[in-house]
Structure formats: C-alpha cells, structure tokens
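Asker: Got a structure here, written out as structure tokens. Questions coming.
The values are calculated or read from the model by the stated rules, or taken from the named source; none is laboratory data. Please read these numbers as outputs of a predicted model, since none were measured by experiment. Using ideal geometry, Cβ is built from the backbone for each residue, glycine included, and neighbour counts are taken over all protein chains shown. Ligands, DNA and RNA are excluded from the accessible area calculation, which covers all protein heavy atoms including side chains. Shrake-Rupley method; radii C 1.70, N 1.55, O 1.52, S 1.80 Å.
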Amino acid sequence: MGKKKKKPTAVGVTAPPVSCIDKRHGLLLGGILLLALALRVAGLLSLLHTDYGSVLLWDESIYHNWALEILDGHFTASGPHEFAPLPAYLMALVYWIFSPDALNFRWLNLFLGVGTCGLVYLIGRQIADSKAGLLSGFLAAVYQPFIFYSTVPLKTSLSVFLFALVLWLFLSVLTNPDPARLLGLGLASGMMINVRPNGLVVVPLMLLVLLICIFRDGRSRLAGLALAVLVLVGAAAAVSPFLALNYRETGRLALTTPQAGRNLYYANNPYNRTPYYRPLPWSSAAPVEQPVQFIIEASRRSGDRKLTPREASAFWGGQVVKYARESPAEFSAKFFRRGLAFFNGFEAGDHYHVAFLKQFIRFYQIPFPVFWLMMPLGLAGLAVTLRRNRQTLALVLFLALYAATLVLFPVNARYRLPVMAAVIPIAAAGLTWLTATLKNKRFPGIAVYSAVLASGLAMAFLPLPGAGDLTAYLNTQAWVADQKGRMEETVKWWEASVLADGDFSVFAQLCLAGYAYDNGRRDEALARLASIPENSFAAAAKHQTLGDIFSAEKNWAEAAREYRRSLAVNAAQLRTRRELIRVLEESGADGLDEEIRRLKWFSSFYASSAPTSQ
C-alpha cells in the first residue's frame, strides 16, 4: 500500500476537526494556554502588590456594591438598569460561592482571559489552518491588553470572552449548522448583549448570513427557518431573566440599557474636540452621578417636564441629530476623527492606561505586543488572506458592523478590545501567509502586505486631538494616593496633572484650590479657581467651591451668588442646592421657598434612579 497523502490546507480553507490534531499540535496548544495562565497570574500578583490591587476604581466600585446588594437581597430598582446587568449578577454569584471580595472576581476574569486565548486559537484555525490557529492563540496569550484586563475587576474580560465565543460559534455553524451549536450561539449572543449592549447589532447580521448559507446548501426554507429559530430561542433564554427583572421592578420591558443617547452626545457635541470621552459641564465627572444628571438636564431643557430614562436618552439622541443638521461639516469631521482614533495606538480608557501604570507595575515593562502593532498586522493580514468563502467574508462583515457601533461613540480602549479577538487571528493568518510567500519570493504580494502594514502603522501614530493626554490617569493616581492617606504624594500628582495641561487638568486645579484654602492660602486658592475656564466641565464645581469659601467667611451674598452660578451650569447638584438654602436662611434673603421647592423636585430624580455602572 502506498503512503497516505496528507490533505493540504491553505489560508481560507477550513482545517480538519479537532480530533485529527496530532499529539504535537495538542502539546503546543496546551503549552500556549499554560503560558497564558502563567502570564496572567504573574500580572495579577504584580498588580496586587501595588495600590491598584487594593482599591476599586469607578465602575469597579459600582459593580461591587451592586453585587453586594443583590447578594444581601437589598437590591431594588425603580427604573431600567442604566448599565449592563449580567456582570453584577455574575459577580454576586461569585461572591456567594466564595466570599464578597473583589479579588475573587479578578480570578474569574483571569480564567476567562485564558479561555479567550483558546477561543482565539479556534477562530484562527477556523479561518485559516492549524498553524495560524496556534499562532493566534500565542499572540492572544502575550497580547498586553488581554493580560491586563484579565486581572482587574471590570466586565471587560467577560465581554472579550463572550465576543470571541459568539464569533467562533458563528463561523462554525456556517459550515455545520448543528442544532446544539446554534442554540449555543443564541445563548452566547444573549449574554453578550447583557454585557455590551451594542452587540445587539450583530445578531440580525448573523441570522441573515446563516439563512443565506443554509439555503445555498440546499435545505428547505422551513428547515432553514427552524434552525434560525434555535438561535433566537437561545438568545431569548439569555436575556429573558433580565427582561423579567426589569419588568417586575419597573413595569417596563427593556432589552438594552437607556444610555445610547447620552453616549452619542458625549461623542457628538460642540464641547468635545477629541474623539475620546470628555465630561460635560452639566454633569459630574463621577460615573455614578452622570446618568441621573443627564436625565435632569434633559428634563430641564424640556420645560421642567420630568422625563423617564428612555425619554431622556431619546432627547439626547435628538440633540445629536440637531447638531448634525446645524453643523454638518463639524459633525462629519468628528466622525472621521473617531474612525482614525479607532485605529490609533493611543489606549484611551476610562479607568486605566497600561503604559502609565508601567512605572508602578514592573511586569508591564516587558515588551508584550500592544495595539499599535497588532492592528496594523491585522489590516495587512486582511489584505492578503481574504478569500471569497463564507467564513472569512462573514468574519469581515461581523467585525465591520461591530466596529461601526464603536465609532458612533467616544473611542474607548476597553470597548474596542473585543475586536482584537478577531483581528489577532487575521494577523496570524497574514503572518503565516507572509512566511510562505517569502520562501516562494512572490514579491507583488509582499509589496501589498508591506504597504498596508505601513499604512496601519501610520494611522497608529497619527497625531489626534486628545491622543497622548494622560491627565485623567494622573488624577486617578492622585485619588489612589489620597485613599491611602498620602497627602503629600496626592498633591504631587495633582501638580503633575496641572503641569501637563491636558483636558482633565482643570480637575486637578480644582483640587489644589481646595487644598490651598484648607491650608490657609486663600489667595492661591482664588487664583487657581480663576484659571478654570467657564466652559470647562469643572465650571460648576469651581463656583460651588467659591460659594463654600464665601460661606465659610459668612459672606452670604457672594456665597449665594456663586452657588446660583454653579447651579446655572449644573442644576442637578443637590449639595449645592442645600448649601444655597442654608445661606438664604442665614441671610434672610428672598427666594427661599422657591429653592426648597426646586430641591424637592430635583431630589425626586435621585430617589427614582436605578443603580448605575458603566
């Protein structure tokens, strides 16, 4: 008998099933997953030895407290969940099984991160071959943002895992519409929506592509529809518990959170010159307060008619449409800049910046692959490996549609991170193609690859407004030092933020003004406050601080004037309203009854707001 020929594989051709993988291949995959685990454990232990390992930042604290309320049975909501609920319930489950310690959720995220590496391997193998699959898994294992977000108690690791799971199941059922996998695809899609609501947009696309493939394979329409229904059944099973909870607590059915309008406005307003998130004057920079304050501002602009969260979201969406109509060139320029920012190497985040944290966490001084390298490699791989088969075309459509939802909003490093579960396998396929092409000396293909890679690198380092601004992270470091009682260090970081002169420097200036006044340096405090522009997001806090200064000096007239100026910018500040009422009572000035009435009205928004997180 002749020697059995090995079945050839190539980029764009479905690889053999897992059962056919030889022992060496399995050992390599196991080694990659062990490497992923080891790196994440090392990253977590390194993080735990810093201040960031023992404090919870904004969203982390909100989700932690939300989970504790669920665990204690004290959680009630009188409005739709402002943010994705699944992470809070998952965190509560982890706390119930182990203990109410955020470290336990960090460990769960760590194992989800390792699972993501396995899924990225499967995606690479699905769109190319086993060699590309192994390289995909390796790149995912050593990709710095994947490692870092596997060690923090945010929902990011969960969102990346679910995105990768949905994508792999989607690609799998295109060639083998197995009922169990179709049901799993629906379940995973529903869970993804409950973590990242913008994932909803890919569900219709997946159903459409799936039906086209099923019909082209010769199945009847009835059979095709039945298989598609399995996806919907799975998705319904995943989202129905949260629909039921919302309905029980609010009397309303809400599939997604009512924050789209607000987030659209963050990206598309005259105040924001950058493609990234920037706070607005009429709301606090604190995530827990923003949702209700946006509702209050929308209600105020609607003639003091109390709006529901859904109505307020629609109001801000309408403001975006109005802005687009009145300033089409400016609106288009902002959209174009966000498109460039999506490919830019600056990792703009709302909690962490890994490059900034390198000075505290030595583990991240290791030169792991980062976004500015992997995205250009992905673009180059896409240019040379795309084939006209259903899986690669479906992958591109899936990726493009999901990415489009991100560009509508402020570009955020952790929101775009799931995309890398698709980009990394494409980059791996491109690298395996490049290796073979170099051996064969096919120079035209190499030229295309090089040109796209160079273009991607150019976009990664293209200067954009706000790119490179680290003042938010300097302020965060000051807050962390303050939580640890190190006031001298706190002041140092505030001063560094002011010196950097970025968009968030005004907050540091505000803090330094308060610190100066508390230490008897009144003139310095007033000078720092005077430097804060009136169109800044810190303007309301600036006038509130001035009101506090004049109130402490019993200058009632000036205190009342500053409190009113603060409320004219941000009407939703309850403490400022209470201080204004106290000043009016002390001075006997007019307007007390009206301010008491307005305090009662504004307080009603906070009483009816649901627990929030971002």
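Asker: Amide H of residue 259: which non-local residues (sequence gap of 5 or more, or other chain) have their own amide H closer than 5 Å, using H built in the peptide plane?
Answerer: The list, which skips near neighbours in sequence, is empty: none.
Asker: Okay, moving on. Considering only protein heavy atoms and a probe of 1.4 Å, how much of the accessible area of segment 315-387 is carbon and sulfur, as a whole percent?
Answerer: 63
Asker: Each residue of segment 146-151 in order: what ³J(HN,Hα) in whole Hz does its phi give by Karplus 6.51 cos²θ - 1.76 cosθ + 1.60, θ = phi - 60°, with x for Gly and Pro?
Answerer: 4, 5, 4, 6, 7, 10
Asker: If r is the Cβ-Cβ distance from residue 34 to residue 501 and R0 is 56 Å, what FRET efficiency results, to the nearest 0.05?
Answerer: Efficiency for this residue pair is about 0.75.
Asker: Which distance in nm do the two modelled labels at residue 69 and residue 324 give, with both placed 7 Å along the Cα-to-Cβ direction?
Answerer: Taking the simple label geometry, residue 69 and residue 324 are separated by 3.4 nm.
Asker: Could you tell me which helices of the chain pass both thresholds, a Cα extent of 24 Å or more along their own axis and a mean Kyte-Doolittle hydropathy of at least -1.0, with helices taken as whole DSSP H runs?
Answerer: Numbers: long enough: 23-48 (37 Å, 1.58); 102-127 (37 Å, 1.00); 156-175 (30 Å, 2.24); 221-250 (40 Å, 1.31); 309-326 (26 Å, -0.68); 390-407 (25 Å, 1.69); 420-440 (30 Å, 1.19); 443-460 (25 Å, 1.61).
The qualifying helices are 23-48, 102-127, 156-175, 221-250, 309-326, 390-407, 420-440, 443-460.
Asker: Using the heavy atoms of the protein chains and a 1.4 angstrom probe, tell me the accessible area per residue for segment 342-428 in square angstrom. The partial results should precede the final answer.
Answerer: Numbers: 2900 Å² over 87 residues.
About 33 Å² of surface per residue is accessible.
Asker: Can you tell me, using C-alpha contacts under 8 Å and at least 6 residues apart, the relative contact order of segment 144-229 as a whole percent?
Answerer: 26 percent.
Asker: Another question, if that's okay. Aspartates and glutamates within cross-link reach of residue 306: Cα-Cα under 15 Å, excluding same-chain residues under 8 positions apart?
Answerer: Here the aspartates and glutamates satisfying the reach criterion relative to residue 306 are 297.
Asker: Determine the per residue accessible area of segment 132-246 with all protein chains present and a 1.4 angstrom probe, expressed in square angstrom. Don't skip to the end; give the middle numbers.
Answerer: Details: 3680 Å² over 115 residues.
Heavy-atom SASA per residue in segment 132-246 reads 32 Å².
Asker: How large a share of the accessible area of segment 424-513, in percent, is made up of carbon and sulfur atoms when the probe is 1.4 Å and the other protein chains stay in place? All intermediate terms of the calculation are to be shown ahead of the outcome.
Answerer: Values: 2720 of 4190 Å².
Here it works out to 65 percent.
Asker: If 558, 330, 60 are ordered by their accessible area, calculated over protein heavy atoms with a 1.4 Å probe, which sequence runs from highest to lowest?
Answerer: Solvent-accessible surface, decreasing: 330, 558, 60.
Asker: Let me ask something additional. Once each part is reduced to its C-alpha centroid, what is the distance from segment 468-521 to segment 187-240 in angstrom?
Answerer: 49
Asker: Here's another thing I want to ask about it. Beyond a 31 Å Cα-Cα separation, which of these cross-linked pairs lie in this structure: 334/542; 155/600; 131/441; 155/334; 358/441; 484/600?
Answerer: In this structure, 155/600; 358/441; 484/600 exceed 31 Å between Cα atoms.
Asker: Please give the per residue accessible area of segment 464-614, computed with a probe of 1.4 Å over protein heavy atoms only, in Å².
Answerer: Values: 6890 Å² over 151 residues.
Per-residue accessible area for segment 464-614 comes out at 46 Å².
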